[in-house]
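Computed from the coordinates by the stated procedures, all read-outs in this text should not be read as laboratory data. Predicted model, so just to flag it, every value in this text is computed and none were measured. So basically every Cβ, Gly included, is an ideal-geometry build from the backbone, and we count neighbours across all protein chains shown.
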Amino acid sequence: MAFRGPLPDVDIPQVSLYAYLFAGLSDEVADRVAVVRASTGEEFSYRRLRHDIDHVAAWLTDRGIGAGDAVLVMLPTCPEYVTAFHGVARAGAAASPVNAAYTAWEVTHQLRATGAQYVVLAASMAHTILPALQEVGLGADRLIVVRDPAVDAPCAPAGAIDYADLTSYQPDQDGSSRGRDVATGMAADPVTDAATHVAALPMSSGIGGLAKPVMLTHRNLVANIVQYNPVLAPLEIEHRLVAFLPFSHVYALTDTMHYALANRFLLVTMAEFDAVGYLEAIARYRATLLYVVPPVAGLLARHPVVDDYDVSSVEVIVSGAAPLDQKVGERLAQRLGAQVLQGYGLTETSPVTHVMLPNQPDVRFETIGPALPNVDFRVVDVKTGRDVEVPVEGESEPGELWCAGPNIMLGYHRDPEATAQIIDADGYLHTGDLVRVDARGIVRIVGRTKELIKNRGFQVPPAELEATLRTHPAVADAGVYGVPLPNGSGDEVPHAVVQLADDVPPGSVTPAELAAYLAERAAKFKHVRSVTVVARVPRSPDGVLLRKALPLLAAKAKADAAAGVPVRAG
């Protein structure tokens with residue numbers, strides 16, 4: 001059974017990303033402020049963005065960069081990310097976003113995987129990343145260095161190119177340069193088939209192993225903007241956004257950068273996150289729409305510093321990248337007086353497939369809502385391969401979420417075998433996420449297929465037990481992992497680590513009490529064998545649980561407890 005969301009399908013323009021965002025700007029729109037650098041207040045109008053994009057594209061074009069080529073973009077969240085990313089795509093090449101925290105080894109892998117010929121990066125990173133270029137036979141003349149006026153950075157390596165030379169590039173005036181036509185807007189769009197022309201090559205671990213470049217076409221990216229537009233449109237708000245999430249993450253690239261540009265909203269960029277700077281920017285620019293990850297949602301919900309700033313302008317908060325805890329969502333909505341929504345997607349889906357809709361108080365924060373327009377999805381039993389049965393009341397049994405639609409990637413770059421492992425013959429992408437669904441098509445994530453704990457023939461989703469543990473008033477966070485039984489049966493038993501809430505006195509709740517609490521709320525085969533109290537449940541900066549770290553963390557906590565070492569918040 002294929003599900004659809006409640007919103008009607010939308011028409012998707014068959015145009016390039018550049019044409020959709022920047023072609024045909026009226027004078028009024030062209031002169032409007034599009035992006036602001038929070039650290040300095042520097043403003044970029046749509047006219048300036050288009051000028052810089054066209055000149056970056058012209059510079060690349062005159063150096064033979066176009067369709068089939070790639071350029072890495074390794075920048076913090078800043079206005080130049082907009083012009084660099086779109087300058088590459090305007091030239092017909094693929095922009096490959098790089099996490100600004102990557103090491104030279106990781107950048108070397110991305111250079112090899114994408115075949116990129118240039119790297120656009122912040123000046124502060126140039127010396128660190130130069131060895132990666134040298135490792136693949138390229139030199140400093142393939143480094144394009146962006147200087148942040150608010151940051152003192154060392155001199156770039158000899159031979160590196162200043163990004164300002166691209167944005168001010170003047171092609172040959174003799175008429176022989178195609179770059180001249182690109183810079184003046186006279187060149188034909190190099191994207192003739194938006195459905196197959198690759199615009200971006202973000203990296204994803206996908207089906208496992210080393211990260212792979214994901215081929216997102218111009219149509220994929222345009223489609224996801226258009227699919228997402230109706231979600232917030234009924235609120236009729238002229239939004240102002242403060243962006244700190246890295247644009248190297250497709251969640252921020254599409255939901256923050258592209259959504260703001262497409263709707264002519266003000267986008268304020270922060271090169272790095274700090275709570276005070278973020279709150280100051282929200283107050284100064286009267287931000288109405290925030291895109292966050294769960295750790296930042298938790299900060300906004302709980303931290304006392306929030307009370308020092310006027311955040312009354314915030315109307316909507318969207319959380320993504322990892323599951324948002326129900327208690328955090330409720331507290332955040334109450335504290336800021338804003339609607340809190342949770343969305344879901346993958347790099348391979350451009351990324352959004354599902355999101356909670358505004359003005360639906362009966363939909364809990366722990367769900368990811370219904371599907372976007374134009375998205376079909378199925379929930380498939382991982383053992384039988386058949387669609388799960390959906391009851392009239394309540395939720396289905398867990399199944400793997402499969403999605404199809406115009407936002408599904410073209411495939412993994414140069415890896416048809418990996419592509420065939422994740423996209424089936426009917427065009428459904430197998431997400432690897434276990435979900436439950438109700439009769440309305442509202443979806444709740446309960447785990448990952450590869451993280452399932454197998455116990456006596458039953459499948460135990462760890463995320464489901466974690467969510468239950470977090471409903472205990474003494475628990476701030478929880479993580480569950482499986483431990484194989486020593487009898488060779490292949491069965492595993494669940495074990496849990498929990499982080500107590502800050503206001504819970506040590507010793508006021510015992511592991512046995514927490515295990516009993518869970519046992520009252522879960523079938524016997526889901527009962528945990530042990531509960532270990534730890535100082536902090538390990539999570540990535542995006543809020544993703546670091547499950548592989550749990551067994552060692554639990555072992556250390558037990559050893560510390562045996563030695564009389566108290567648990568301290570970390």
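General observations
- Remark: C-alpha extents of region 103-161 on the principal axes read 33, 20, 14 Å, sorted largest to smallest.
- Dipole axis of the chain (+1 Lys, Arg; -1 Asp, Glu on Cβ), positive-most option in I368, T471, I12: T471
- 222 nm mean residue ellipticity, helices alone, for the chain (DSSP H n ≥ 4; -39,500 (n - 2.57); rounded to 500): -8000 deg cm²/dmol
- Of all DSSP bridge pairs formed entirely within the chain, close to 55 percent run antiparallel.
- With a Cα cut-off of under 19 Å and a minimum spacing of 8 residues unless on different chains, the lysine pairs in the chain number 11.
- Think of the chain as having a plus end and a minus end, set by charges on the Cβ of Lys, Arg, Asp and Glu; of A555, V293, Q334, A555 sits farthest toward the positive end of this dipole.
- Taking the three principal axes of the alpha carbon atoms in region 214-450, the coordinate ranges are 55, 42, 31 Å, sorted in descending order.
- Which of T449, T196 has the fewest Cβ neighbours within 10 Å, and the rest in rising order: T196, T449
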